[in-house]
Amino acid sequence: MELMADRMDPFVTYLIVTLALLGATKRPVKVTELGKHMGVSRATLSRWVSRAEELGFIKVSSKKVQFILLSDKSLDFLLSLKESLEGVEWGEVVIMGEVFSGMGEGAYYMSRKGYSSAFAKMIGYEPYPGTLNLRVSAEDTRKIDDWRRRVMPKVVQGFSEEGRTFGEVEVYPVKINSEIEAYSIFPRRRHYGFDVLEIIHKENLRKLLGLKDGDFIAITLKKWS
């Protein structure tokens, strides 16, 4: 049976790897212990556990205090993952982001002709007039800071429109859930803290991916090719 890492649900992969690090290949691990290490809500963890169990990667006890053990299928997957990672150059980093609703600033700014036309020249299309907002952990915020120090951004220049001045925007390439090419933007005049990523794409990403507030997605921090 071939288990390709690039075809796996990223959250199931995260779950399996965390369980392996906790020793679930040899002993059952309490769900409560798993939750402390993964740092996600109980509802989110429950969804991921249910998905992994449905796919046959874990065995879950039916008692009141639940325990999880990795299945043979998980062991096969971990071996295939190890093989696929051998020789990989660690030039890209993957982080997790939680979807949340903003105040509509993204839609307002992305609808400005000065921005939309500049993005079209830079990335080949006019982005959907709005951003996908993601909140990230303190650890991932540090990874983003390091990424921005290492990768040279492309910059949309500021402009004036309808009597207002709009500032420069730094643009970086990202990939969503290992499959969708998109871009992260960093306005010089930020409305959010540095624990927030704003993602743009030619389509409405919430609709495209069926996302709602509280959902998590994986973001690969890339460099310009």
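The values are calculated or read from the model by the stated rules, or taken from the named source; none is laboratory data. A quick note: this is a predicted structure, and the numbers were derived from the prediction, not measured. Methodologically, a virtual Cβ is constructed for each residue, glycine included, from the backbone with ideal geometry; neighbour enumeration extends over all protein chains shown.
For the reader, a short list of remarks on this structure follows.
- Counting the residues of the range 157-200 that are out of contact with any Phe, Trp or Tyr (no Cβ under 8 Å at 6 or more places or on another chain), farther than 17 Å from GLU126 by Cβ, acidic (Asp, Glu) and free of Cβ contacts under 8 Å to residues at least 40 places away in the same chain gives 3.
- Check on VAL136, of a type in the set (Val, Ile, Thr), touching a strand residue (DSSP E or B) at 6+ places or on another chain (Cβ under 8 Å) and either modelled with pLDDT under 90 or under 21 Å from ARG190 (Cα atoms) (or both): yes
- Check on ALA52, within 27 Å of ASP213 (Cβ to Cβ), at pLDDT 90 or above, surrounded by 16 or more Cβ atoms within 10 Å (Cβ to Cβ) and small (Gly, Ala, Ser): yes
- The residue of the range 193-225 that is farthest from LEU134 (Cα to Cα), among those that are small (Gly, Ala, Ser) and at pLDDT below 90, is SER225.
- Which listed residue is surrounded by 19 or more Cβ atoms within 10 Å (Cβ to Cβ) and more than 24 Å from the chain's Cα centre (by Cα), from ILE95, ILE58, ILE68: ILE68
- Any hit, the range 184-192, residues being in contact with a helix residue (DSSP H, G or I) (Cβ under 6 Å, 6 or more places away or on another chain) and modelled with pLDDT under 95: yes
- Qualifying residue in the range 84-92 (condition: modelled with pLDDT under 90 and in contact with a Ser or Thr (Cβ under 7 Å, 6 or more places away or on another chain)): yes
- Criterion: surrounded by 12 or more Cβ atoms within 10 Å (Cβ to Cβ) and of a type in the set (S, T, N, Q) - qualifying residue of SER184, SER225, SER160: SER184
- Helices (runs of 4 or more DSSP H) fully within the range 105-175 that include at least 2 residues being among the polar types (S, T, N, Q): 113-123.
- Residue within the range 201-221 that is touching a strand residue (DSSP E or B) at 6+ places or on another chain (Cβ under 8 Å), more than 24 Å from MET8 (Cα to Cα), surrounded by fewer than 18 Cβ atoms within 10 Å (Cβ to Cβ) and charged (D, E, K, R) present: no
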